Ligand code: F0G
């Protein structure tokens, strides 16, 4: 193998459903940094080791690239010429980019007016056919399932099991970085594919078959080698206005400014419950205000800029730390799912406006002197 990192399929091919002749479609996704928080832990409580897996540093700026390299690779292998997905933004950006890479067509359904600008620009720039539907993500999800069953379109939402296969590799990277699985892994939950994928990865790494895998049907081919001694407790956070796992029921009109997780009918409902139950984990919810506070705190205190849906991980963690849910000395890994640049509107709205000043030395020095 070359020393140059060539993406997660090449790195983990013995643990993924590919063969030597599978035509790998990659943008060298994965291999994201696991960043230990230095300043926040003292402020948000507890003597814990808190690390962030910054998935915003993937090629299209979110964890979706992990799933999309697998989904598009398998689509191309099967001869597909076009892919389709519904998306709150990040999936469409990744689908468009990987389709461009593979030289096939992409069609993306996005909710009317509820998609962050950065994500929309990506899908448009990569040449996807962008269909803005008069409905929400859940409507889009239903429609792409109907369309892909009757037209030559390969569905690349996370209901496609290859997506979860790609996304499970995040667990392998965390284990490699820490030497073992962490005690807790906390992350946002929307359509619920990602928490299920994390659980598949952690389970396979520990040599255990899990109920989150809808690919192997309980006959997992990837249980060896065993590379971790345990599995983490999984904790999922949802926005209060879009929290089916907290209500234990689907939510018909989900609302949150964290548009990435504005989802009321998660398709990986059963798989995510399996992850929660088997790991003895839990779900919790955060308000939009709590999400924004956490996003700003992480950006200002740690230098990490993630999007609101990712910041819910820190908001939820702060809440659960306060409630003493983690034993002292725990190692807690947080998945920061997407980059803050995806949603510049929200970032600008909650930050101090630039100071308008004459292009003169003294005027500028004056302003600086007041701030020093
Ligand atoms: N964080 C971000 C930034 C997301 O874009 C998503 C999902 C999630 C968290 C939740 O992950 O759905 O696997 O539970 N975004 C999808 C999309 C729905 O269309 O981009 P999940």
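Every number in this text was worked out from the coordinates using simple rules, so none of it is lab data. What you see is a predicted model, and the numbers here were worked out from it, not measured in a lab. Note that each Cβ is placed from the backbone with ideal geometry, even for glycine, and that neighbours are counted across all protein chains shown.
Points worth noting:
- Averaging 1/r across all pairs of distinct Cα atoms in the range 246-372 and inverting the result yields a Kirkwood radius of 17.4 Å.
- Normalised by the number of residues in the range 1-145, the mean separation of alpha-carbon contacts (under 8 Å, six or more apart) gives a relative contact order of 19 percent.
- Cα Rg, Dmax, the range 194-308, angstrom units: 16.2, 46
- Ellipsoid semi-axes for the range 141-182, based on the Cα gyration tensor and the rule √(5λ), read 34, 8, 5 Å when sorted largest first.
- If R0 is 22 Å, the Cβ-Cβ spacing of residue 278 and residue 248 corresponds to a FRET efficiency of close to 0.80.
- Multiplying the residue separation of residue 151 and residue 324 by 0.36 nm and subtracting their alpha-carbon distance yields 57.1 nm.
- Relative contact order of the chain, taken over Cα pairs closer than 8 Å and 6 or more residues apart, is 19 percent.
- If you wrap the Cα atoms of the range 1-95 in a convex hull and average its projected area over all directions, you get 8.6 nm².
- Between residue 178 and residue 270, the contour length at 0.36 nm per residue exceeds the Cα-Cα span by 30.2 nm.
- Projecting the alpha carbon convex hull of the chain along each direction and taking the average yields 20.3 nm².
- Choice from 82, 353, 272 showing the highest fluctuation, given a GNM over the chain with Cα pairs closer than 10 Å: 353
- For the range 16-155, the C-alpha radius of gyration sits at 1.21 times the compact-globule guess of 2.2 N^0.38 Å, with N the residue count.
- Mean-position separation - Cα centroids, the range 231-268 and the range 125-153, in angstrom: 21
- At 1.567 mPa s and 4 °C, Stokes D of the range 97-155 from Kirkwood alpha-carbon radius, µm² per second: 107
- If you take the Cα centroid of the range 321-346 and the Cα centroid of the range 61-113, the two points sit 27 Å apart.
- Cβ-based exposure ranking for 210, 220, 52, 85, in which fewest neighbours within 10 Å come first: 220, 210, 52, 85
- This ranking places 162, 202 by how few other beta-carbon atoms lie within 10 Å of each, fewest first, which gives 162, 202.
- Packing-based exposure ordering (other Cβ within 10 Å, fewest first) of 198, 339: 339, 198
- Antiparallel %, DSSP beta bridges [both residues in the chain], to 5: 15
- Inter-probe distance in nm under a simple model that places probes 7 Å from Cα toward Cβ, at residue 6 and residue 361: 5.7
- Inter-label distance for residue 351 and residue 289, nm, one decimal - labels placed 7 Å from Cα along Cα-to-Cβ: 2.3
- Value in Å of the Kirkwood radius, where the range 80-220 supplies the Cα pairs that are averaged: 16.1
- Pairs of C-alpha atoms in the range 54-105 farther apart than 17 Å represent 28 percent of all such pairs.
- With 0.36 nm allotted per residue and the present C-alpha distance subtracted, the residue 82-residue 224 stretch has 47.7 nm of extension available.
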